[in-house]
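Structure, as structure tokens:
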Amino acid sequence: MNRIILLFATIATIFSACSTEFDVTAPYKEIPVIFGILNKDEAVQYIKINKAFLNDEGSAIIAGSVPDSNIYPYPIEVKLYASYTPITDSNIQYISSVELDTVHLNKEAGSFNANNIFYKTPDNFKLRYNSSRPGDTTWANYQIIVRRKSDGKLIAKSRTPIVADFLFSGTQNEVKLYNRFAKPAPTYTNHTFSWGGAINGKMYTAFLRFKFREVDDLVGTSEDKYVDMPLFENIKTSNSNGSSKISYTLSGESFFTYLQAKLDPLTSSSARREYIAPLELYFNVAGGELTKYIEINNGSGGLNDIRPEYSNVEGGLGIFSSRMNKVFNQLNKTNLNQDAIYALKEGDITGRGAGTANDLGFR
């Protein structure tokens, strides 16, 4: 599950009432809790399904470690349904369905280890799309339905569209972060990346990966390494229909300053660093429901920060949404140009021009 991000959080519910006779622990009510984030790029989709519990005596940790307190004591059926049209209560046109398998995923030893049960899509399952266009696809909408196996009684359900891919715009253009022929003196410049919004994508987070190789010619060693530079986090688009035009401007001075802060000068006179082309841009795009969940549950934490509980699960709590990951690393659009490579080797931030104490050894 290296690339699979499962959002599994504890739901904290605030109970309040005007009457002191309100008893939050009686009578018992079974509350389903669903966490599932579908990703078209993943081979396996995992869904976490538990039931909430209340405990008015003793430790909540001890109570929660008892399987019956958060795991259904009876078999449940978990199915994913696909539709080419948006799913509403009055418009349900399923094209396929699949029942999820029950699996136990290993985790660190502890009281809750035995409760680490998930529901996964079968082998060879793939999320469906209904049409294609150059560089992208239009994906089906999905609904999850949880029922009791013994009698088919509905427990909970939720639905989500799938976040699609997106394309970078612009002509072939290397990354220009330095102009060594500028007058009256060389100067650091900015470079803007542009792309179209992903269909059903609402919130974007991205970082840049700079790859390099450390070589010691005397010892005969070589090791590939990288530095990850955050670009932006949780930036929202105005819409999620794919028509948004998004851009990010990378500051040349900030780029080289970040490398200087993250890397130490080499200590051996026989060692050197080499830039490995190209730069890589990593994107994480959240769907609309996941975006709402993140916004509502990431408050400032102040005394006036009373956050409403958000859930898009009908009949329970939790979040069922989608996300996607993208790596953009085309040589003709993300490779440093010759001036930027010159600044890396000879400039006054990372190169020989920075002095012996700050020269990072790129050659």
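The values are calculated or read from the model by the stated rules, or taken from the named source; none is laboratory data. Predicted model, so just to flag it, every value in this text is computed and none were measured. Cβ sites come from the backbone with ideal geometry, for glycine too, and all protein chains shown count toward neighbours.
Scanning segment 152-207 for residues that are closer than 30 Å to Lys48 by Cα and among the charged types (D, E, K, R) returns Lys153, Lys157, Arg159, Asp165, Lys202. In the set (1) surrounded by fewer than 18 Cβ atoms within 10 Å (Cβ to Cβ); (2) farther than 23 Å from Gly201 by Cα, Thr249 fails one condition alone, (2).
So that you can scan it fast, the table gives a plain yes or no per residue for (1) under 17 Å from Val285 (Cα atoms); (2) outside the structural domain of Lys120 (by TED's automatic domain parsing); (3) not charged (D, E, K, R):
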{"position": "Tyr142", "(1), (2), (3)": "no, no, yes"}
{"position": "Ala156", "(1), (2), (3)": "no, no, yes"}
{"position": "Leu167", "(1), (2), (3)": "yes, yes, yes"}
{"position": "Asn173", "(1), (2), (3)": "no, yes, yes"}
{"position": "Pro184", "(1), (2), (3)": "no, yes, yes"}
{"position": "Tyr188", "(1), (2), (3)": "no, yes, yes"}
{"position": "Ser194", "(1), (2), (3)": "yes, yes, yes"}
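Looking at Ser238, is it polar (S, T, N, Q) and surrounded by 12 or more Cβ atoms within 10 Å (Cβ to Cβ)? Answer is no for this residue. Does segment 161-174 contain at least one residue that is in a strand (DSSP E or B) and of a type in the set (Val, Ile, Thr)? The answer is no; no qualifying residue exists.
Of the residues making up segment 250-302, those that are touching a residue at least 12 places away in the same chain (Cβ under 8 Å), hydroxyl-bearing (Ser, Thr, Tyr) and more than 22 Å from Asn239 (Cβ to Cβ) are Ser251, Thr257, Tyr258, Ser268, Ser270, Tyr275, Tyr282. Candidates are the residues of segment 164-190 that are touching a helix residue (DSSP H, G or I) at 6+ places or on another chain (Cβ under 9 Å) and hydrophobic (A, V, I, L, M, F, W, C); the one that is nearest to Leu344 (Cα to Cα) is Leu177. For segment 292-300, the condition of being at pLDDT 95 or above, of a type outside the set (Ser, Thr, Tyr), surrounded by 16 or more Cβ atoms within 10 Å (Cβ to Cβ) and touching a Phe, Trp or Tyr at 6+ places or on another chain (Cβ under 9 Å) holds for none of the residues.
Inclusion of Ala198 among residues that are farther than 18 Å from Lys326 by Cα, modelled with pLDDT of 90 or more, surrounded by 13 or more Cβ atoms within 10 Å (Cβ to Cβ) and in contact with an Asp or Glu (Cβ under 8 Å, 6 or more places away or on another chain) is not warranted.
Mind telling me which of the residues Val227, Val163 ends up being farther than 21 Å from Ile276 by Cβ and under 21 Å from the mean Cα position of the chain (by Cα)? Result: Val163 is the single residue among Val227, Val163 that is farther than 21 Å from Ile276 by Cβ and under 21 Å from the mean Cα position of the chain (by Cα). Reported count of residues in segment 324-363, each being within 16 Å of Ala277 (Cβ to Cβ) and out of contact with any Phe, Trp or Tyr (no Cβ under 8 Å at 6 or more places or on another chain), is 7.
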